[in-house]
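This report refers to the structure that appears directly beneath it.
The values are calculated or read from the model by the stated rules, or taken from the named source; none is laboratory data. All figures in this text were calculated on a predicted structure; none of them were measured in a lab. Cβ: placed from backbone, ideal geometry, glycine included. Neighbour counts: every protein chain shown. Ligands, DNA and RNA are stripped out before the accessible areas are found, and what is left, the full protein with its side chains, is counted by its heavy atoms. Shrake-Rupley method; radii C 1.70, N 1.55, O 1.52, S 1.80 Å.
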Amino acid sequence: MGKSFDALSWGLRGAAQTIGEVLIMGVDLKMLENAKSPIADVFHLLARNLTLAQTLVRRRRIYRALPNPEDRAKRVTEREIVRLMDRSADVMDTGCSQDMPLQEAAVNTSSVLDYMLHATDEDRKKTNLNLVNTSSNILTFLGARQVTSSSVLSWLWFCLATFPAKARKLHASLVAARLSPEKEITAEQLGKLEYLDWVGRWFLIITVKGCIIRCSSQARKDVILPVHALMVNSEHWKDPLVFNPERWGTEEVKKHRKYACLPFATGIIKLACTSEIKVILTRVVLNFQIESTTEGAVIYNFIVFKPLNFSTKLHKQIPISEVDFDDLVGNRVDEKLIVRRPTNIV
């Protein structure tokens, strides 16, 4: 604490650690122990795999259809990632988890990999979920989650540092709900925190720029919706770029259609992303105050929308006895985001 650090670098570490330990592999990759902790091999391979995939996308279709060095290298990295996953599966399969029905496994297993290994169908037979027939989906999930989660985590630091009044109000609401840094936090508790939900929702709207939804129409043509453009449309949202979480409690916003806010689509994807944001926001705000040490405007990558030059430092959160619960009253609207498009998009 007290030392300035690059938000994106630690966003990448935090996303990778979360994905490895909770979402996929169920393994503590020890990447957050200190600033010099090495990045796990699987994420070096993922970065190489994503780079090769981007290179292929930029090539002509005929080039991609023919044998080419990028495709060969991509297949090698994919096999290596699956090999590392196999190694994790061998370790996990000797653990304490037992085979259980699909619904029970969804609640009691520790990760996606654990679920694949121990979920059974109605006849108590193992499901057909294994690394052989799901490797492509797992690779896509790993890569996409690392990119989006690291971007979201980076903007989380930005929002808490840029809007200190909202950060103080969020901290007061968490303390009022009797949460503390020392206690375990349950999904039931998070589900009851209204202001946390408001902050998480509007935080995603402001920060998630690149999401699009492809729909199939009755005319059998694809309709591509730029979701973020809809969510910041001034015809439907008043002052859409103002960070004002309290608007979710107004009658005007309550009357909006159910799908007026789709930062990460719907269903399990939205649930996973919002749950991740709530958990991280809660833990960060209970433990730290965040100060920006960035000079000038924040420059961002327009394609993925991640901050390229945002640096910050952490300070220990004030004791619970010093929390001012007057912060829970009223609504101070912070200034608009100060973000500009870079001259050279990365």
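On a 24 Å Cα-Cα criterion, which of the cross-link pairs Lys36/Lys74; Lys30/Lys183; Lys192/Lys258; Lys278/Lys313; Lys30/Lys278; Lys183/Lys316 come out too long?
As for pairs spanning more than 24 Å Cα to Cα, those are Lys36/Lys74.
Report the FRET efficiency, 1/(1 + (r/R0)^6), for Val279 and Arg59, where r is their Cβ-Cβ distance and R0 is 45 Å, rounded to 0.05.
The calculated FRET efficiency here is 0.70.
Of the heavy-atom accessible surface of segment 152-210 (probe 1.4 angstrom), what whole percent is carbon and sulfur?
Result for segment 152-210: 51 percent of the exposed heavy-atom area is carbon or sulfur.
At 1.4 Å probe size, with no ligands or nucleic acids counted, give the accessible surface of Arg64 in Å², nearest ten.
The accessible area comes out at roughly 100 Å².
Using only the heavy atoms of the protein chains and a 1.4 Å probe, how would Trp248, Trp202 rank by accessible area, largest first?
Putting Trp248, Trp202 in descending order of accessible area: Trp248, Trp202.
For labels at Arg257 and Asn34 in the simple 7 Å Cα→Cβ model, what's the distance in nm?
So the two model labels end up 5.5 nm from each other.
In nanometres, what is the gap between the two model label sites at Asn287 and Lys238, each 7 Å from Cα along Cα-to-Cβ?
3.8
Return the sequence-ordered ³J(HN,Hα) values of segment 5-11 in whole Hz as given by the Karplus equation 6.51 cos²θ - 1.76 cosθ + 1.60 applied to θ = phi - 60°, using x for Gly and Pro.
Using θ = phi - 60°, the values come out as 9, 7, 5, 5, 4, 6, x Hz.
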